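The values are calculated or read from the model by the stated rules, or taken from the named source; none is laboratory data. Please read all numbers here as calculations on a predicted model, not as lab measurements. All Cβ positions, even for glycine, are placed from backbone atoms using ideal geometry, and neighbour counts span all protein chains on display. Keep in mind that these areas ignore ligands, DNA and RNA; they rest on the heavy atoms of the full protein, side chains included. Shrake-Rupley method; radii C 1.70, N 1.55, O 1.52, S 1.80 Å.
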Amino acid sequence: VHYAVPHATAAVLARSMLSSTGRPVPRIVTTLHGTDTTLLGRDPGYGPAIRHALVQSDVVTTVSHFLRDETRRLLQLDRPIEVVHNFFTAKPARRSRGEVRRELGVADGECLVFHSSNLRPLKRVDLLLQAAAGAARRFASQPRSFRLLILAGEDIAPHVPLIESLGLADRVIVRERVIDVEEYLQACDLSLYSSETESFCLGILEGMAFGCPAVAFGVGGIPELLEDGAQGRLVPYGDVFALSAALAELIADPRRRQALGASARERALARFSAAAIVPLYERLYGF
């Protein structure tokens, strides 16, 4: 089961119902992805139910060491928890990089920076846009130096006033509710993230699989995903100036950006692909 609420709770109830029938009772392996712990786990109404579901599970896994430690701390849970990281294996893109960049209006020498998320408050889109604006000021004389592509899982409208007030209207491109992210990621050069916390950050991994290094705050499980200076740049949370400077540094240095991107892709394939992670789940499931 993925997520403690409602799925692990339902599985525990189903197992209890089966146990009275004499039929075989299945093992329950519960995987936590983040919000069960970081959001609902803090809620006095949900917390005890989540804790009960995890105590009753035969195996509990989390997608990062950070989330494992937060789960134990917030839910006061003293039991083994396995860490099995998220994985991503890209589907083949149907269009070429050039076709997608032409659709977006991005010039050949222009750096295309992307951000992909559901735009929830903890993603701190305000800080993301401030960092992009800081980079734009550094390239004020080069209006075609970079563009920011936001792959928005939700409506971008609440953020439009800030985009306009920061003078980013000509630099920001938005595509909402994109299903086939591969179409756009293969046309990008770099990713930018400003979350206040992340259990893992699948968006960064998706970019890494396409050779995109990341610039991000080093929060939550992100440092387990990439190493600062090896597959991207990580800076302290809230330091928008440092985030903007790291972004501008990689925009201005295509050779370094490409070297970090090659390392990012290699790490994504070696450590966070289906080939690397699925066997770990198969072991837990008993295959």
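How large, in percent, is the carbon and sulfur part of the accessible surface of the chain at a probe radius of 1.4 Å? Walk me through the intermediate numbers first.
On the way: 7160 of 13300 Å².
Using a 1.4 Å probe with all protein chains present, the chain comes out at 54 percent carbon and sulfur.
Can you give me the angle between helix 274-285 and the longest principal axis of the chain, using Cα atoms only, in degrees from 0 to 90, rounded to the nearest 10?
Helix 274-285 and the main axis of the chain meet at about 10 degrees.
Heavy-atom accessible area of H2 with all protein chains present, probe 1.4 Å, nearest 10 Å²?
The value for H2 is about 80 Å².
By per-residue mean of other Cβ atoms within 10 Å, what is the highest-first order of 5-12, 78-85? Can you show the working numbers first?
Working: 5-12: 17.8, 78-85: 14.0.
Final packing ranking: 5-12, 78-85.
Write down the accessible area per residue of region 131-221 in Å², having rolled a 1.4 Å probe over the full set of protein chains. The partial results should precede the final answer.
Values: 3220 Å² over 91 residues.
Solvent-accessible surface per residue comes out at 35 Å².
Which sequence of D43, D228 reflects their accessible areas, 1.4 Å probe, from the largest down?
On the way: D43 60, D228 90 Å².
I get D228, D43, largest accessible area first.
Could you work out how far the C-alpha centroid of region 149-210 sits from that of region 15-30, in angstrom?
Each part's Cα centre sits 43 Å from the other's.
Find how much the distance from A262 to S19 grows on full extension, using 0.36 nm per residue of separation minus their present alpha carbon separation; answer in nm with one decimal.
Details: separation 243, 0.36 × 243 = 87.48 nm, distance 5.20 nm.
Difference between extended and current length: 82.3 nm.
Identify which of the listed values of Kirkwood radius over Cα pairs in Å was calculated from the structure shown: (i) 19.5; (ii) 21.9; (iii) 20.2.
Looking at Kirkwood radius over Cα pairs in Å for this model, the match is (iii).
I need to check one value: relative contact order of region 47-148, counting alpha carbon pairs closer than 8 Å and at least 6 residues apart, in percent.
Normalised by residue count, the contact order of region 47-148 is 22 percent.
Would you work out if region 1-97 is rounded, prolate or oblate? Take a ≥ b ≥ c from the square roots of the eigenvalues of the alpha-carbon gyration tensor; rounded if a/c is under 1.5, else prolate when a/b is larger than b/c, oblate otherwise. Don't skip to the end; give the middle numbers.
Values: a/c = 2.24, a/b = 1.39, b/c = 1.61.
Taking the square roots of the gyration eigenvalues as a ≥ b ≥ c, region 1-97 is oblate.
Mind checking the full-extension length gain between L269 and R73? Use 0.36 nm per residue of separation minus the Cα-Cα distance, one decimal, nm.
On the way: separation 196, 0.36 × 196 = 70.56 nm, distance 3.17 nm.
Working it through step by step, the gained length comes to 67.4 nm.
Rounded to the nearest whole Å², what accessible area per residue is found for region 12-111 with the 1.4 Å probe?
Heavy-atom accessible area per residue stands at 55 Å².
5 Å is the cut-off here: which amide hydrogens, built 1.01 Å from N in the peptide plane, fall below it relative to V172, excluding neighbours closer than 5 in sequence?
Under 5 Å from the amide H of V172 lie the amide H atoms of L148, each far enough along the sequence or on another chain.
Expressed as a rounded percentage, what relative contact order does the chain have, with Cα pairs under 8 Å and six or more residues apart?
Values: 498 pairs, mean separation 50.2, N = 287.
Relative contact order for the chain comes out at 17 percent.
Taking 0.36 nm per residue of separation and subtracting the Cα-Cα distance, what length does fully extending E282 through Q56 add? Walk me through the intermediate numbers first.
Numbers: separation 226, 0.36 × 226 = 81.36 nm, distance 2.06 nm.
Result: 79.3 nm gained on full extension.
Tell me the GluC sites (Glu not before Pro) within region 131-188 that lie in a loop according to DSSP and have at most 14 other beta-carbon atoms within 10 Å. Walk me through the numbers on the way to the answer.
Numbers: sites: E154, E164, E176, E182, E183; in loops: E154.
Of the GluC sites (Glu not before Pro), the ones in loops of region 131-188 whose Cβ has at most 14 other Cβ atoms within 10 Å are E154.
Amide H neighbours of V215 under 5 Å, counting only residues 5+ apart in sequence or on other chains, H built in-plane at 1.01 Å?
Result for V215 returns S191, L192, Y193, R233.
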